[in-house]
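Asks: Sharing a structure with you now.
The values are calculated or read from the model by the stated rules, or taken from the named source; none is laboratory data. Please read these numbers as outputs of a predicted model, since none were measured by experiment. Cβ placement follows ideal geometry from the backbone for every residue including glycine, while neighbour counts extend to all protein chains displayed. These accessible areas exclude ligands, DNA and RNA; they are computed on the full protein's heavy atoms, side chains included. Shrake-Rupley method; radii C 1.70, N 1.55, O 1.52, S 1.80 Å.
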Amino acid sequence: MAGCWSIELGSCPDSMIPIERVRLKSNCVGIQKISMKKKYQQNFIHSHKGRRLNHYLKNIKRFGGGLYFLVLKLICNVPSHALRKLFLKSLGAKIGDKVAFYSGAEIRRPSALSIGSGTSIGHDAVLDARNGLKIGNNVNLSSQVMIWSMQHDYRSKFFDVIGGMVTIEDYAWLGPRVIVLPGVTIGRGAVVAAGAVVTKDVLPYTVVAGVPATKIRERPKDMSYIPGEYPLPFC
């Protein structure tokens with residue numbers, strides 16, 4: 001019996017085959033079945049039926065995304081600050097007290113959106129929170145401000161998406177039609193002049209303007225106001 005362990009499988013009776021070798025054989029069969037399954041899946045994916053199924057799944061995903069976007073647009077046009085904030089909170093947005101949230105906003109991924117107390121969000125703002133968007137306390141976003149946390153990479157062969165979290169600190173003021181690009185932090189009390197495009201961080205209590213936005217002056221540091229305290233009703 002001891003000698004059988006050193007003899008090849010073909011020279012040893014079946015009754016004397018070690019159990020370890022039987023398990024090895026069964027494992028090989030299992031691996032072969034898995035390989036055949038993967039090969040079948042790959043062949044199906046590249047087949048005509050597989051391509052059609054993939055096409056249908058992509059269409060369903062686009063349809064769901066479009067429907068969700070439509071729901072968000074409807075929510076942001078409800079003629080009530082309180083209802084708009086209530087609906088957005090139900091979708092995961094974190095919104096503080098005394099926040100004015102004017103109509104027409106476009107919100108992307110509200111679950112990653114955070115707005116501090118006393119902040120005012122102007123009409124037709126675009127708040128892209130797909131990579132995270134944190135807006136501090138007593139911030140003023142004027143009408144048609146656009147904040148992006150995601151964009152396409154112009155250097156990419158496949159038009160890949162890149163981006164980063166955007167942070168707007170307390171008492172910052174963004175003028176009308178300001179554009180903020182992904183990964184930017186706008187410091188406490190900073191002012192961004194109307195129409196500027198912010199491509200890099202803005203230091204606290206500085207005033208920037210232009211395309212791209214550059215520093216033009218400084219702002220006093222004794223800020224004490226609440227932009228969102230008295231919003232216009234039905235707007």
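Asks: What strands (runs of 3 or more DSSP E) completely inside segment 119-235 contain at least 1 residues that are open to solvent by 20 Å² or more (accessible area, probe 1.4 Å), within 29 Å of residue 79 (Cα to Cα) and of a type in the set (S, T, N, Q)?
Replies: Per the criteria, 166-168.
Asks: What's the number of the only condition in (1) small (Gly, Ala, Ser); (2) buried (at least 21 other Cβ atoms within 10 Å of the Cβ); (3) within 16 Å of the chain's Cα centre (by Cα) that residue 92 fails to meet?
Replies: All conditions pass for residue 92, except number (2).
Asks: Pairs please, first residue from segment 203-227 and within 15 Å of residue 187 (Cβ to Cβ), second anywhere and surrounded by 17 or more Cβ atoms within 10 Å (Cβ to Cβ) and among the hydroxyl-bearing types (Ser, Thr, Tyr), Cβ atoms under 7 Å, 6+ apart in sequence or on different chains.
Replies: Qualifying pairs under 7 Å: 215/206; 218/205; 218/206; 219/205; 219/206; 221/205; 223/171.
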